[in-house]
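**Q** Sharing a structure here in structure tokens format.
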Amino acid sequence: MTGERSVDVAAGSGTLHVALLGGFSVRVGSRAVPGPWRLRKSKTLVKLLALADGHRAHRDVLAGVLWPGLGPSAAANNLHQVMHAARRALASDRPPSADALCLRDDVVILWPDGDLIVDAGVFAAAAQWALRSGSVEDYGAALKLYAGELLPEDRYADWAAPHRERLTALHEALTAGQARALLECRRPGEAVALLEPLAADRPNDEPLHRVLMEALDQAGRRWDALDVYERLCRVLDEEYAAAPEAQIAPKARSERNAAFGSGERMVM
């Protein structure tokens, strides 16, 4: 049996796992791919394909991202070198296989003949399912799959920004949805724990703060709910010279008036 044939069998029998949330890592079956890659752009190529629909992209699209402004001939030569380096990285200490990363009809495909699992895709699918079902359990399961920001090492890369924004928005929608589901189950403490960190990151998000206020009120934390309302008022006034929507303000004001009217006082 030739060395090439043995690698083809190994590549075909192992599932490629690509982690993008919270940082980049790759595993083939149970074998972790070592962190250092000979060419940085070979790692970027794998990231691009892992995020692409069908884990494939036209060579010209990839060249435009990896080497903007470079001529077609030079870009094509660079792409072949980067693909070879990526195959070597995925093979680790084994001979590289062309089946790991191939070029078919000018389209570059990652792991075309084997199973490929990308954590960002698994999270997105679970998130969509949870948002449809509205189940506390489904929300919780999806949130557990979110290991962190997409590719923090590529935070300022233009190609990663749309994917990061999409996944961040999904995570925020899950958090808010889980909180609402918990409130329906009369579990306000858990809802508050979910919402407070998100509200701190999104100080001008009215709908989010509305749910947080409701959770705090349901948890019996009236003064904390009023504090949230007043912080939101300050932020909206400073940033937009605006006030919260009308349906928020009357409830908060009536809560405050009722508290003072009943003789309660705020403990500082």
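**Q** Starting from the range 15-36, keep only residues that are on the phi > 0 side of the Ramachandran plot, then list their pairs with residues that are among the hydrophobic types (A, V, I, L, M, F, W, C) and in a strand (DSSP E or B) whose Cβ atoms are within a distance under 9 Å, requiring at least 6 positions of separation or different chains.
**A** Every condition considered, the pairs that remain are Gly22/Leu150; Gly29/Leu16.
**Q** Further question on the same structure: Please verify whether Gln128 is in the same structural domain as Ala176 (by TED's automatic domain parsing) and not in a strand (DSSP E or B), treating the condition exactly as stated.
**A** Yes; evaluated as a whole, the condition is true for this residue.
**Q** To continue, here is another question. Name the residues in the range 84-125 that are among the aromatic types (Phe, Trp, Tyr) and either on the phi < 0 side of the Ramachandran plot or in a helix (DSSP H, G or I) (or both), would you?
**A** Of everything in the range 84-125, just one residue is among the aromatic types (Phe, Trp, Tyr) and either on the phi < 0 side of the Ramachandran plot or in a helix (DSSP H, G or I) (or both), namely Phe123.
**Q** Tell me which residues, restricted to the range 181-204, are part of a helix (DSSP H, G or I) and either polar (S, T, N, Q) or under 16 Å from the mean Cα position of the chain (by Cα) (or both).
**A** Leu198, Asp201
Residues are listed down the side, and each one gets a yes or a no for (1) crowded, with 21+ Cβ neighbours inside 10 Å; (2) assigned by TED's automatic domain parsing to the domain that holds Val18; (3) outside any helix (DSSP H, G or I):
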residue	(1), (2), (3)
Trp159	no, no, yes
Thr168	no, no, no
Glu172	no, no, no
Ala179	yes, no, no
Arg210	no, no, no
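**Q** Please verify whether the range 66-76 includes one or more residues that are modelled with pLDDT under 95 and under 30 Å from Leu143 (Cβ atoms).
**A** no
**Q** Among the residues of the range 131-151, count how many are surrounded by fewer than 20 Cβ atoms within 10 Å (Cβ to Cβ), in a helix (DSSP H, G or I) and in contact (Cβ under 8 Å) with a residue 40 or more places away in the chain.
**A** 2
**Q** Got a number for residues in the range 31-71 being surrounded by fewer than 17 Cβ atoms within 10 Å (Cβ to Cβ) and closer than 14 Å to Leu20 by Cα?
**A** Of the residues in the range 31-71, 1 are surrounded by fewer than 17 Cβ atoms within 10 Å (Cβ to Cβ) and closer than 14 Å to Leu20 by Cα.
The values are calculated or read from the model by the stated rules, or taken from the named source; none is laboratory data. Keep in mind the model is a prediction, meaning the values are calculated, not measured. Neighbour counts are summed over all protein chains in view; Cβ atoms, including those assigned to glycine, are modelled from backbone coordinates with ideal geometry.
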